[in-house]
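Working notes, beginning with the structure itself.
What follows is calculated from the coordinates using simple rules that are stated; it is not laboratory data. It should be emphasised that the depicted structure is a prediction, and the values quoted were computed from it without experimental measurement. Virtual Cβ from ideal backbone geometry, glycine too; neighbours counted across all protein chains shown.
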């Protein structure tokens, strides 16, 4: 049996949010080296170090950042700082490990009705 990956959870959360008509963007950050047509190698960085996995625009326009972790996943210091910075600016920012946790967070802040939400 295939081990559940963090990416599977990200995909499920994005589908859940889109099913609730919330604009959502899956974000990636990282770096790579590419060779151009002249054989020159160039280093490319994208995103911001520590940036959360998912950005959601909530119905009232408020920003929500979701850092998705596996059951045993831990935040890096950069991820902790990113989430803290956005909380400080009155955005919502959470570490989540499942679609159910996302639903619970959104219900707790009044963005989903309290009844059981399913896809």
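A few remarks follow.
- Counting every other Cβ atom within 10 Å of each residue's Cβ, 10, 48 order from fewest to most as 48, 10.
- Average Cα contact separation per residue, the chain, under 8 Å, 6 or more apart, as relative contact order %: 22
- Once the chain from residue 49 to residue 74 is taken as fully extended at 0.36 nm per residue, the excess over their C-alpha distance is 7.5 nm.
- Angle between the chain longest axis and helix 77-88 axis [Cα atoms, degrees, rounded to 10]: 50
- Tilt relative to the chain, helix 6-19 - C-alpha long axis, 0 to 90 degrees, to 10: 50
- Share of Cα-Cα pairs in segment 30-119 lying beyond 15 Å, as whole percent: 67
- Fewest-first ranking of 35, 9, using other Cβ atoms within 10 Å as the exposure measure: 35, 9
- Size descriptors for segment 1-81: radius of gyration and Dmax over Cα atoms are 16.1, 49 Å.
- Helix 99-108 axis, angle to the chain major axis (alpha carbon atoms, nearest 10°): 60
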